[in-house]
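What follows is a set of notes on a single structure, which appears directly below.
The values are calculated or read from the model by the stated rules, or taken from the named source; none is laboratory data. Since the structure is predicted, the reported quantities are computational estimates derived from the model, not experimental observations. Note that we place each Cβ from the backbone using ideal geometry, even for glycine, and neighbour counts take in every protein chain shown. Calculation scope for accessible area: heavy atoms of the full protein, side chains included, ligands and nucleic acids excluded. Shrake-Rupley method; radii C 1.70, N 1.55, O 1.52, S 1.80 Å.
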Amino acid sequence: MIEEGGKGGQVACDDSAKPPFAAGAAVGMPLGTTHPLDADGASSHLYYYLAKEHFRGSCQSAQLESARVHLPGTVLFEQGFAKSWFYSLKSPEVASVDGLPDVQLKKKLGRDIENEQVFDSFSKSVKDENDLAATFISYQKKDIGDPGLGGTVVQYLSRKQLRTFLFSPGQKPKGVLQKFSPPKGSSNSTIKAVWSPAVVIVKGWRNPHSIYQYSRTPWERGTTFETPDATEIVLTPSVTAGVRATCKHIVQHLYLIEHIKIVSMVLVFKLDCTDKLNFLYSLSMRVATSSS
């Protein structure tokens, strides 16, 4: 069980703390151990760590702060039931600076999550039963889809399918249910960022079909870089800068709450119809060991 911020997730209030890659900073996992974030495929652990809080500011005016990322409503299912619900909340304590939004990532626990609430939240802006309402992201330890993505499977659900998923009897599969954010334009698009301390590669991909082309399946309308039919799109400098800033912020946040050094990661983002840059999920992450 991952500890919540405010218990084991805080670090001492110290403005002199070294950044993740400062000279002489002793970070990394002990030899022979592996951090839960060090894995291929979609990681449910990452949402928990992003929602953990650390102290920000001087000791005299320190405030607790979680990761500053836009995240569509995201519900984690484990052992057949909803375990946690993550969401972004506008925060008056933080300003929109350095390319980061004035929001913080929050969560509520499974005992406070009802399937009716999830359905209403995910589908309230959906007009047609065939419109895309959610994605279900899972990871299977066998070669399916593109093995290069570590077995990550993304399923696109219409409003009708979301209702079936939530209210059908029986346990739900393990995975991440995420609200579908309407894209900028009529075709779905996503952004994949490959990050390392030295190089950041940011590319955008667009589905060739309209999300309103109901003669096609939700998968055919929703998938982007997972299929060879997707086309690469040109991203504006401001969008690319926003992705880079968010990647850097996530790395710094993980250092502050876990004292770990991220050496590489692959993250998926999306620019929605309101020009808001959303973090969606991770595809891979590597954590340094003490000898790295």
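Accessible area of LYS174, 1.4 Å probe, to the nearest 10 Å²?
150
Grab the other residues whose beta carbon is less than 11 angstrom from that of ASP131, score K and R as +1, D and E as -1, and report the net.
Values: positive: LYS127, ARG159, LYS160, ARG221; negative: ASP128, GLU129.
Net charge around ASP131: +2.
Run the reach check for LYS276 against lysines, Cα to Cα strictly under 16 Å, same-chain hits fewer than 8 apart removed. What comes back?
Within the straight-line limit of under 16 Å, LYS276 reaches these lysines: LYS90, LYS179, LYS184, LYS192.
Of LYS124/LYS261; LYS160/LYS248; LYS106/LYS174; LYS106/LYS127; LYS106/LYS248; LYS127/LYS248, which ones are farther than 31 Å apart at the Cα? Provide the component values of the computation, followed by the final result.
Numbers: LYS124/LYS261 40 Å; LYS160/LYS248 38 Å; LYS106/LYS174 21 Å; LYS106/LYS127 28 Å; LYS106/LYS248 20 Å; LYS127/LYS248 37 Å.
The answer is LYS124/LYS261; LYS160/LYS248; LYS127/LYS248.
Rank these residues by their accessible area, most exposed first, probe 1.4 Å: GLU116, GLU129.
Numbers: GLU116 100, GLU129 70 Å².
Reading off the accessible areas and sorting them downward yields GLU116, GLU129.
Quick one: how many Å² of ARG216 are accessible to a 1.4 Å probe, rounded to 10?
80
Within the set of other residues whose C-beta is less than 13 Å from the C-beta of LEU177, count the net charge using Lys and Arg as +1 and Asp and Glu as -1.
Numbers: positive: LYS83, ARG163, LYS172, LYS174, LYS179; negative: GLU78.
Its environment carries a net charge of +4.
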